[in-house]
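The values are calculated or read from the model by the stated rules, or taken from the named source; none is laboratory data. Treat the numbers as computed from the prediction; the structure is a model and nothing was measured. Using ideal geometry, Cβ is built from the backbone for each residue, glycine included, and neighbour counts are taken over all protein chains shown.
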Amino acid sequence: MNHDTVIFLQGISSMGAYASSLFFFRFWRQSRDSLFVFFSGAFALLGLSWSLLALFAPTAESAPYIYSLRLIAFALIIGGTISKNRKTDR
């Protein structure tokens, strides 16, 4: 795949993640459900990750730092889901 195409697709992915983050933040403001805050933060981190990959084209040394943002984002999703399920069990 062409390098310019990869950068374009990463830009589209980051824009979609940022838009999703804003939607989840709006849902949190309306409902005050903590799950939406976790999802909003996770999608913001995913958007940041794709933005950094598109802008800087990281070398092998700096790529783990950018990919660790994705790890944190998925941990937020898992943590939010567990938190939500524990609150409904009580």
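Worth pointing out:
- Filter result for residue 47 (surrounded by 16 or more Cβ atoms within 10 Å (Cβ to Cβ), among the small types (Gly, Ala, Ser) and more than 27 Å from residue 5 (Cα to Cα)): no
- The set of residues in the range 1-53 that are touching a helix residue (DSSP H, G or I) at 6+ places or on another chain (Cβ under 7 Å), closer than 25 Å to residue 87 by Cα and among the polar types (S, T, N, Q) comprises 20, 21, 34, 40.
- Single condition residue 66 does not satisfy, out of (1) at pLDDT 95 or above; (2) buried (at least 16 other Cβ atoms within 10 Å of the Cβ); (3) among the β-branched types (Val, Ile, Thr): (1)
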